[in-house]
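None of the figures in this text is laboratory data; all of them are computed from the coordinates on show. Here the structure is a predicted model, which means the values were calculated and not measured. Cβ placement follows ideal geometry from the backbone for every residue including glycine, while neighbour counts extend to all protein chains displayed.
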């Protein structure tokens, strides 16, 4: 009887060791690209690529464009994936060129002549121009141009350009003199995730998939 108990205990210990080794191996050997399809009432897919040296790349995609992207270091725990995103530049700016001009208007006023283009110098009509905290919105004409008058003083005013299909652009102008202003907008870019931490509660790691505790499934795909 004693021999049988010892033998049974050895088999049980061996089984536990094999089970633990398999689970650990599945976590340590995780690599490649994993994909989560859009959830209900959502158009966004999620992609997570595990690379060498505990590095990862991440992005979401939907409506024919990237929404977010980032990269960093990942850590695997017993029931958790932790993504620590690198610090990154999160904004892509447009470009502005200004030139002082002379006008015949009142000495207490200035004239601002705007022209809005893309980086190939094609004009962009219908761009909204918002000024500081003012409620009124101005719009560029068919030629991408806009002219406004402002009170002359020693202050600076904040402006923002916004248009469907283009990256919004914020800038400041001095109110000391009249100006001709050329503005160059860029196409929309995905939001870059910077210095954030994402955590996933994992139910099970598999060779070709990851099942989260909420039922979400990431499936391994070929790049």
Checklist entry - If you count, for each residue, the other Cβ atoms within 10 Å and average over each peptide, how do 111-117, 212-218, 44-50 line up from highest to lowest? => result 111-117, 44-50, 212-218
Item to check | Area projected by the alpha carbon convex hull of segment 94-149, averaged over all directions, nm² | outcome: 4.9
Checklist entry - Considering only DSSP beta bridges whose two residues both sit in segment 95-185, what percent are antiparallel, to the nearest 5? => result 80
Next on the checklist: Viscosity 0.692 mPa s, temperature 37 °C: what is the translational diffusion coefficient of segment 80-223 from Stokes-Einstein with a Kirkwood Rh over Cα pairs, rounded to a whole number of µm²/s?
Outcome noted: 175
Checklist entry - Given the C-alpha centroids of segment 76-127 and segment 151-178, what is the distance between them in whole angstrom? => result 10
